[in-house]
């Protein structure tokens, strides 16, 4: 009978055996990487994707007591559901009945209404909120006593536009909290991951110099052990900028796909929008983050073209844009009707991208991004989209 620690491999599936062996490898073969005490993980955010990622992390924390504390905290913006606090429902029924109904959550996932309490003592902070709320979240977290070498992963999709250009949201987190931050993005529709349908994702993380060589920092091996599941495969790379940009800009492209679906223009038109979108995403990276990205991230990783295809196949951005095209209603009206209090990130990102391109006099260099902005905010019609993005010979 083959055992690893207290785990009996003979009773496990092959996938479970591989995961157990990953944890054993971290302990037996990489002793210098094992922490003096297990890492505490905290998730900031509890929407459908935030809760799904928290579920993944809590499952792995339960399997890896040598690496992670058993309890994973998830900060929840408190609200009442039929007169009962949402945190109480999650902690007693083990289900986020508002944002991820029908999915049972691990019992070691703890919903915490105090963001300060949730963050204090954490070794790994995983940010998973609508990106427009990040400044307010960082302001609240600045009141917490964070560990000196706490690390972070941003699952946020968006950009921080400044008068001088734009910043990655991972950079914003680092600058405002002093926390070294990577990024996670990929072809990951939250309901499918929550139902444990197989998918893959990309984690981008570069070990910072302030802890390098000490042997106890959170690194790519620890991150893979935290996020990898039999149904959620993880590749860890170093291109934080590429992963972040792909995750932000694909939502703008998805709006374009939603518009053409709303007008019943068919799959050929949708594919054309995606081709334009991929090219403009790569160009955007070259213009605003020269030398910081790897083109392979956009063309070969889950965070790149795979996520673009998935997001354009029917995520919330597609649904909102399609409804706008069919009904003639504004984005605000459609979001309120369709998204149960959540938002289509492409709406905000398209405005941020437009403001940046306009400030740099580059709107003509990115015709698709500019056309989508003009359509979303009512200065152009969807019917003119092919004309607006037509390429010169």
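Here are the numbers for this structure:
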read-out	value
Within the range 204-224, considering residues that are in contact with a helix residue (DSSP H, G or I) (Cβ under 8 Å, 6 or more places away or on another chain) and modelled with pLDDT under 65, the one surrounded by the fewest Cβ atoms within 10 Å (Cβ to Cβ)	215
Any hit, the range 320-328, residues being more than 29 Å from residue 234 (Cβ to Cβ) and free of Cβ contacts under 8 Å to residues at least 24 places away in the same chain	yes
Subset of the range 131-162 (residues that are under 13 Å from residue 352 (Cβ atoms) and outside any helix (DSSP H, G or I))	156, 157, 158, 159, 160, 161, 162
Criterion violated by residue 120 - all others in (1) under 30 Å from residue 360 (Cα atoms); (2) over 14 Å from the mean Cα position of the chain (by Cα) satisfied	(1)
Residue tally, condition within 25 Å of the chain's Cα centre (by Cα) and within 19 Å of residue 264 (Cβ to Cβ), over the range 368-392	1
Residue 322 being outside the structural domain of residue 45 (by the TED database) and either surrounded by fewer than 21 Cβ atoms within 10 Å (Cβ to Cβ) or out of contact with any helix residue (DSSP H, G or I) (no Cβ under 8 Å at 6 or more places or on another chain) (or both)	no
Evaluation of residue 342 against (1) farther than 17 Å from residue 259 by Cα; (2) modelled with pLDDT of 95 or more (one fails), failing number	(2)
Criterion: within 30 Å of residue 300 (Cα to Cα) and either free of Cβ contacts under 8 Å to residues at least 40 places away in the same chain or in the same structural domain as residue 310 (by the TED database) (or both) - qualifying residue of 92, 171, 87	171
Yes/no for residue 62 being part of a loop (DSSP other than H, G, I, E, B) and either loosely packed, with under 15 Cβ neighbours inside 10 Å or touching a residue at least 12 places away in the same chain (Cβ under 8 Å) (or both)	no
Which listed residue, of 57, 26, is modelled with pLDDT under 55, under 26 Å from residue 147 (Cβ atoms) and buried (at least 17 other Cβ atoms within 10 Å of the Cβ)	26
Residue 114 vs. criteria farther than 27 Å from residue 358 by Cα, surrounded by fewer than 21 Cβ atoms within 10 Å (Cβ to Cβ) and out of contact with any strand residue (DSSP E or B) (no Cβ under 9 Å at 6 or more places or on another chain)	no
Single residue of the range 100-109 satisfying the filter (touching a helix residue (DSSP H, G or I) at 6+ places or on another chain (Cβ under 7 Å) and surrounded by fewer than 21 Cβ atoms within 10 Å (Cβ to Cβ)) that is farthest from residue 341 (Cα to Cα)	108
Among the candidates 189, 255, residue that is in contact with a helix residue (DSSP H, G or I) (Cβ under 9 Å, 6 or more places away or on another chain) and outside the structural domain of residue 314 (by the TED database)	189
Qualifying residue in the range 91-102 (condition: in a strand (DSSP E or B), modelled with pLDDT of 95 or more and more than 17 Å from the chain's Cα centre (by Cα))	yes
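Rundown of residues vs (1) surrounded by fewer than 19 Cβ atoms within 10 Å (Cβ to Cβ); (2) closer than 22 Å to residue 263 by Cβ; (3) assigned by the TED database to the domain that holds residue 160, yes/no style:
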{"site": "352", "(1), (2), (3)": "no, no, no"}
{"site": "358", "(1), (2), (3)": "yes, no, no"}
{"site": "367", "(1), (2), (3)": "yes, yes, no"}
{"site": "371", "(1), (2), (3)": "no, yes, no"}
{"site": "384", "(1), (2), (3)": "yes, yes, no"}
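The values are calculated or read from the model by the stated rules, or taken from the named source; none is laboratory data. For clarity, every value in this text was computed on a predicted model and none was experimentally measured. Methodologically, a virtual Cβ is constructed for each residue, glycine included, from the backbone with ideal geometry; neighbour enumeration extends over all protein chains shown.
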